[in-house]
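The values are calculated or read from the model by the stated rules, or taken from the named source; none is laboratory data. Note that the coordinates shown come from a computational prediction; the quantities given were computed from them, not determined experimentally. Note: ideal-geometry Cβ built from the backbone for every residue, glycine included; neighbour counts use all protein chains shown. Note: accessible area is taken over every heavy atom of the protein model, side chains too, but ligands, DNA and RNA are not part of it. Shrake-Rupley method; radii C 1.70, N 1.55, O 1.52, S 1.80 Å.
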Amino acid sequence: MTDLKTTLSEAVAAAFAAEGVDAARAAVTPSDRPDLADFQSNGALAAAKALKANPRDLAARVAERLKDDARLLSVEVAGPGFINLKVADDALSARAQEIAADADHAGAAIVASPRQVVIDYGGPNVAKPMHVGHLRSAIIGESLKRIFRFRGDKVTGDAHFGDWGFQMGLLIVACGDEGQNLPGADAFMAEGDGPFPEDSPVTLADLDRLYPLAAGRAKEDPAFRDRARRATAELQSGRAGYRALWRHFVIVSREALEREYAALSVDFDLWNGESDAHPLMDQMIAHLRDTGLLVEDDGAQVVHVAKPGETRKKKLPDGSVIEAPSPPPLLVISSEGSAMYGTTDLATILDRKQAIGPDLVLYVVDERQAEHFQQVFRAAYLVGYAPEGSLEHLGFGTMNGADGKPFKTRAGGVLKLRDLIDMATDKARERLQEARLGDDLPSDEFEAIAHKVAIAALKFADLSNARTTSYVFDLDRFTSFEGKTGPYLLYQAVRIKSLLRKAEDQGAAPGPIMIADPAERDLALTLDAFSSAVADAYDKRMPHLLAEHAYRIAQSFSKFYAACPVLAAPDEATRGSRLTLSAAALRQLETALDLLGIETPERM
Ligand code: ARG
């Protein structure tokens, strides 16, 4: 499946080559002046410079060669040497027809050689409440997973569940201390091999309550902190009672998280946790030792990852300033003997290498962890766990409240995904009622629609911003049926669905596409541009380029629908053509939304 941009680039390249000019400069882009042309090539300008020729003359000679191309309605030279191309109606009709017939990819090209890709996203933690960073990671990661898979790669989405760090030791100690409030918890504190109770001594509510308490106490009470550190190390080295209790924490947390993610249309192929890398630890330590990478540093074991000369100023506790390596060394084993966040990440790279053998791993994690990934990736390249450049950290900005700080709920607490979804659903319901949408539908269908509108609002608001920028949470704007919003796009999709249903009821059949009206041209050109929108979103790992395209389809369709009657078209052939064009627009819009992780209702 080749889009017009590519087809025309090839034609222009051939004409350049015939003029003895480097064809690589010929690339065609959508026109800056859609009133004058559909596409343009600026290649003559740079090429003429290299040849010391007059750019307008060169452009004119190239244009002359293209004049007889049946796919082009006109070829004109403009300004200092731009070549303006207008596509012939027939060629545009043929391309639109091809898009309409492409049930799988709605006109988008797929990759020539599929890769094995792992996307590490979501990254929720046992017991620790999710924050906006986790929400964004889930939304962006899910979209990237779908985009990569759509283009043909073999993709594994992994939640990389945070189940192995210090917070586990905190919870174990907190549970032990609360023995009398948590029936059954005491049993897990016993040394020895058990057996230990099958029933969880904690509920989700217990975990939600215990974690902040324990984290708070660890800050103030060094003895408590030390006990938690020791418990972490003992858990990791296999103390049976701690492992048994830990398993309950993991199960209870994961059940709740799976429910919340399902409500957000996010799902993972793997729910591997940091703990799953534990069995590889010995092997990894041996590799690091054998290669001489693991060195002792003040009782801890570290890997130096900065190259000679890579330093930054660092202030020591005594106030003096030194040049310290940057990035700092990766801490592999703490002085207590525990595996750290970076340790499990490095071991996970080994695990994935052995289990999956990925060509590419994308980490969709808060920009604030950039240095952590720099350390881990460098260590992985040094020890040979991944080919240089195959690990990518895709950072993102934060979702902020009106105060410009990371979004919090009204009570000032960190965000709970469930509460956020409920809040958005309440607003969506209100909006639907205001617009008198869905008021004739059964209440369970209305509820399902409100939920879809809410998720579309949250996700589109997030994904319409470049991944790397921060944005402000504004539910009123996100849920509006007007403007660049998820609900607007759903509404447009539903409108096309209802048009197509009506056509079917009236026995109006779709027919071959014949582009004639300017609004039809515009819609067909928009549909043609889907392929490069998907490819760009994929290459740059930037879903907003696809969000942008979804919005363009909706706008183009709106204009087309206002200018070109469909059911009341002047004749049957025109009606058939417009129905096919409408169906193609719908499929592409729904596909684009699906790639953003957004589901479209049948009606509203
Ligand atoms: N659990 C981590 C956190 O809450 C995020 C995990 C990201 N993924 C990774 N491979 N480190 O910060």
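Details
- Here the translational diffusion coefficient of the stretch 83-184 follows from Stokes-Einstein with Rh set to the Kirkwood radius across Cα pairs; for 20 °C and 1.002 mPa s it amounts to 117 µm²/s.
- Counting every C-alpha pair in the stretch 130-266, the share spaced more than 27 angstrom apart comes to 31%.
- Average accessible area per residue (Å²) across the stretch 1-148 - probe 1.4 Å, nucleic acids and ligands excluded: 42 Å²
- Cα shape, the stretch 1-84, gyration tensor, a/c 1.5 rule: prolate
- q = 0.11 Å⁻¹: log10 I(q)/I(0) that the Debye formula gives for the stretch 181-250, counting C-alpha atoms only: -0.28
- Rg/Rh (Cα only; Kirkwood hydrodynamic radius) as it applies to the stretch 1-159: 1.17
- Across the chain the C-alpha pair distances fall into 10 Å bins from zero in the proportions 3, 14, 20, 22, 18, 12, 7, 3, 1, 0 percent.
- Between D102 and M423, residue separation times 0.36 nm minus the direct Cα-Cα distance comes to 111.7 nm.
- Measuring r between the beta carbons of A24 and N181 and using R0 = 45 Å, the FRET efficiency lands at 0.05.
- Helix-only CD estimate at 222 nm, as mean residue ellipticity for the chain, using -39500 (n - 2.57) per DSSP H run (n ≥ 4): -16500 deg cm²/dmol
- In the context of the full set of protein chains, the stretch 381-511 has a per residue accessible area of 47 Å² (1.4 Å probe).
- Across the accessible surface of the chain, with the other protein chains kept in place and a 1.4 Å probe, carbon and sulfur atoms take up 51 percent.
- Values of log10 I(q)/I(0), in the order q = 0.16, 0.26 Å⁻¹, for the stretch 551-597 under a Debye, Cα-only, solvent-free model: -0.46, -0.92
- Label positions at E445 and E602, each projected 7 Å from the Cα along the C-beta direction, are separated by 0.7 nm.
- Given their separation in residues at 0.36 nm each and the Cα-Cα distance between them, D359 and E371 gain 2.1 nm when the chain is fully extended.
- Normalised by the number of residues in the chain, the mean separation of alpha-carbon contacts (under 8 Å, six or more apart) gives a relative contact order of 15 percent.
- Rotationally averaged projected area of the stretch 511-571 (alpha carbon convex hull; nm²): 4.6 nm²
- Added length on full extension, which subtracts the Cα-Cα distance from 0.36 nm per residue, V321 to A262: 16.2 nm
- Applying D = kT/(6 pi eta Rh) to the stretch 453-604, where Rh is the Kirkwood radius over alpha-carbon pairs, T corresponds to 20 °C and eta to 1.002 mPa s, the Stokes-Einstein value obtained is 135 µm²/s.
- Once you divide the Cα radius of gyration of the stretch 213-284 by 2.2 N^0.38 Å, the number left is 1.39.
- This model, with +1 at the C-beta of Lys and Arg and -1 at the C-beta of Asp and Glu, gives the stretch 221-319 a dipole about its Cα centre of some 380 debye.
- Cα gyration tensor, the stretch 219-362 - rounded (a/c under 1.5), prolate or oblate: prolate
- Derived scalar couplings ³J(HN,Hα) [the stretch 4-16; Karplus, 6.51 cos²θ - 1.76 cosθ + 1.60; whole Hz; x for Gly, Pro]: 4, 4, 5, 4, 6, 4, 5, 4, 5, 4, 4, 5, 4
- Coordinate range along principal axes, alpha carbons of the stretch 371-412, Å, largest first: 48, 15, 12
- Among the GluC sites (Glu not before Pro) in the stretch 338-415, those located in a DSSP loop and surrounded by at most 15 other Cβ atoms within 10 Å of their own Cβ are E388.
- For the Cα trace of the stretch 13-53, dividing Rg by the Kirkwood Rh returns an Rg/Rh value of 1.04.
- Calculated FRET value between Q506 and T2, using beta carbons and R₀ = 30 Å, to 0.05: 0.25
- Hull volume per residue, based on the alpha-carbon atoms of the stretch 160-206 and their convex hull, is 105 Å³.
- Accessible surface, the stretch 172-293, averaged per residue in Å² (probe 1.4 Å): 51 Å²
- Backbone geometry of the stretch 210-223 corresponds, through the Karplus equation with coefficients 6.51, -1.76 and 1.60 at θ = phi - 60°, to 3J(HN,Hα) couplings of 5, 4, x, 4, 5, 5, x, 5, 4, 5, 9, 10, x, 5 Hz, x marking Gly and Pro.
- From the Kirkwood radius over Cα pairs of the stretch 341-439, Stokes-Einstein at 10 °C and 1.306 mPa s returns a whole-number translational diffusion coefficient of 94 µm²/s.
- Cut-off 11 Å between beta-carbons: net charge of the residues surrounding S498, Lys and Arg +1, Asp and Glu -1: +2
- Toward the positive end of the charge dipole of the chain, with +1 on the Cβ of Lys and Arg and -1 on the Cβ of Asp and Glu, the farthest Cα among A231, G483, A386 is that of G483.
- The stretch 287-387 shape via C-alpha gyration tensor axes, a/c threshold 1.5: prolate
- A cut-off of 5 Å between modelled amide H atoms, ignoring neighbours fewer than 5 places along the same chain, links N272 with A159, H160, F161.
- Against the chain, whose longest principal axis comes from its Cα atoms, helix 341-355 is set at around 60 degrees.
- Within the shell defined by Cβ-Cβ distances under 15 Å, the residues around A48 carry a net charge of +2, with Lys and Arg each +1 and Asp and Glu each -1.
- 0 to 90° range, to nearest 10: angle between helix 518-528 axis and the chain longest Cα axis: 40 degrees
- Amide hydrogen neighbours beyond the local backbone of T311, cut-off 5 Å, H modeled: S326
- Counted over the chain, the DSSP beta bridges are approximately 60% antiparallel.
- Relative contact order computed over the stretch 389-495 (Cα-Cα under 8 Å; 6+ residues apart), in percent: 33 percent
- Counted by Cβ distance under 11 Å from V321, the other residues give a net charge of +2, where Lys and Arg count +1 and Asp and Glu count -1.
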